[in-house]
Every structure is written in C-alpha cells, then in structure tokens.
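K.L.:
Could you have a look at this structure, given as structure tokens, before my questions?
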Amino acid sequence: MIDISNLRVSKNGRTICSVPRLKVASGERLAILGANGSGKTTLLKVLARLESEFEGDCGVNAAKKDCVYVHQSPYLFRGTVLFNVTYGLHQRNGNLDNYENLALDWLGRFGLKDRMKERVSHLSGGERRRVALARAMIVQPKLLLLDEPHTDLDEVGIECLATAIDALKSTTILIATPTKFPGVLAQKIFELKS
C-alpha cells in the first residue's frame, strides 16, 4: 500500500521530516511514533497528498478519494451527530437509502448510538472526536490516516477506537507521541527520529 524511500520534507532550509525507508502492506495497522517536531503530521500530510513539496519517493497505492485523513483537531459541521457521521457517505455516494442503519452501526461501535439526534455542539471533546472517527470509518477508505486519534479519549473511548479499527479492512496509519500511545491500536510500530 505504501512504499517510501529517502523521503525528505524541508521548509525554510530546515528538514522537518525524514524517512529513509518505510513499507506498509495493504490492510496493515501501523503506529508512527515520535517526539514533538519529528515530522509525524508532515508525513501524514505527504501520504494524504496534502503536502507535495518533498524529495525522494512516496508511493501510495490508493487514489486520493480512497484516502481519509482525520486531523488532530477534527472539524465537525453544525448539526446533529447523525448528519456529521453520514456526511461523507452523501458526498461519495449521493442519497443512500440505508445511510441511517449504517450510521447506527458505526455510532454503536463508538458508544454514541443514543446521541445520534443530538447537536454536536452539546458533546464533550472525547465524544466529538468519536463522531469524527465514525465519520471517517463509515466510508471504509482504502487508506485511513489518523493524527493522534486517542487524544481526548478515555479508556472506554480507546477501546471503542481499537474495536472499530479492527472491523475495517483499511490500511491504517496513526501517529502518536511514544509516551501516550495505547498499544492496542496498531500491529506494528515505526519510530520517526527528530
């Protein structure tokens, strides 16, 4: 799914991300760990094709439309939890007859089924993050990129996230700092050096 060699991203004459070699198989779950400033978010942006100025090779075997990137501070639209979770389905597939059943399934995985008609402005930080994660996963992307997905989540939320990731066939790349990484979220770890 991903084949990187000699990747380097520089800004203002300074290297902000350097990855000599990284291969990720289709369907694999990889955690990229590194200290603040090691280039974790920059690497995700390269993989998502949001950062195009780099040296080296970065092969991603997924079309841009088959890639979903959940930012560290994900944005939610005004409206209900249900509207937010089904947003991507409507954008990709138009009007789906079974969108509510699919949304209920994903909201159930994240412990939010009873909140589906609630406005997102009434949710806690952890609940808002779970809505954003459900919205990303419901479209079942080929490549799922998660920037610090466990931030704001308690133990139950992390368990819900791990179970949801297990249910996907997607290749999943998530980033975290080494001291705050819940190991249940990935099969392999890649450490990014500063």
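The values are calculated or read from the model by the stated rules, or taken from the named source; none is laboratory data. Please read all numbers here as calculations on a predicted model, not as lab measurements. When we count neighbours, we look across all protein chains shown, and the Cβ atoms used for this are built from the backbone with ideal geometry, even at glycine. Just the protein is used for accessible areas: all its heavy atoms, side chains included, with ligands, DNA and RNA removed. Shrake-Rupley method; radii C 1.70, N 1.55, O 1.52, S 1.80 Å.
K.L.:
Percent of accessible area on the chain owned by carbon and sulfur, 1.4 Å probe?
P.N.:
Roughly 45 percent of what the probe reaches on the chain is carbon or sulfur.
K.L.:
Please work out how much length the chain gains when fully extended from D105 to A63, using 0.36 nm per residue of separation minus the C-alpha to C-alpha distance, in nm with one decimal.
P.N.:
Result: 12.5 nm gained on full extension.
K.L.:
What is the dipole size for the chain, taken about its Cα centre, with +1 at each Lys and Arg Cβ and -1 at each Asp and Glu Cβ, in debye to the nearest 20?
P.N.:
So the magnitude is around 380 debye.
K.L.:
Quick one: angle between helix 155-167 and the longest Cα principal axis of the chain, in degrees between 0 and 90, rounded to 10, please.
P.N.:
Once rounded, one gets 80 degrees.
K.L.:
Mind checking the full-extension length gain between H122 and N93? Use 0.36 nm per residue of separation minus the Cα-Cα distance, one decimal, nm.
P.N.:
7.6 nm
K.L.:
Check cross-link reach from K11 to the aspartates and glutamates: straight Cα distance under 13 Å, and skip same-chain residues fewer than eight apart.
P.N.:
Straight-distance partners of K11: E51, E53, E55.
K.L.:
Mind checking the angle between helix 99-109 and the chain's longest principal axis? C-alpha axes, 0 to 90 degrees, to the nearest 10.
P.N.:
For helix 99-109, the angle is close to 70 degrees.
K.L.:
Separate question: Once you've got the Cα coordinates, tell me which of K23/K64; K45/K117; K45/K113 are over 25 Å apart.
P.N.:
K45/K117; K45/K113
K.L.:
Considering the options L33, N12, L44, tell which one lies farthest towards the positive end of the dipole of segment 1-51, charges being +1 on Lys and Arg and -1 on Asp and Glu at the Cβ, about the Cα centre.
P.N.:
Looking along the dipole axis, the top candidate is N12.
K.L.:
Could you tell me the largest-minus-smallest coordinate of the C-alpha atoms of the chain on each of the three principal axes, in descending order and whole angstroms?
P.N.:
On the principal axes, the chain reaches 48, 35, 31 Å in Cα extent.
K.L.:
Something else now. Quick one: which residues, 5+ away or cross-chain, put their amide H under 5 Å from the amide H of L7? H built at 1.01 Å from N.
P.N.:
V19, D57
K.L.:
Could you go through segment 40-48 in sequence order and give the Karplus-derived ³J(HN,Hα) for each residue, using 6.51 cos²θ - 1.76 cosθ + 1.60 with θ = phi - 60°, rounded to whole Hz, and x for Gly and Pro?
P.N.:
Per-residue couplings from phi come out as 4, 5, 4, 4, 4, 5, 5, 5, 7 Hz.
K.L.:
Across bins of 10 angstrom width beginning at 0, how are the C-alpha pair distances of segment 126-165 distributed, in whole percent?
P.N.:
29, 62, 9
K.L.:
Let me ask something else. Pop a pseudo-label 7 angstrom from the Cα along the beta-carbon direction at both D166 and E55 and give the gap in nm to one decimal.
P.N.:
Result for the modelled spin labels: 4.4 nm.
K.L.:
Which aspartates and glutamates, on any chain, are close to K193 with Cα under 14 Å apart, when same-chain ones fewer than 8 places away are left out?
P.N.:
none
K.L.:
Roughly what angle does helix 81-93 make with the longest principal axis of the chain, taking Cα atoms, 0 to 90 degrees, to the nearest 10?
P.N.:
On a 0 to 90 degree scale, this one is about 60.
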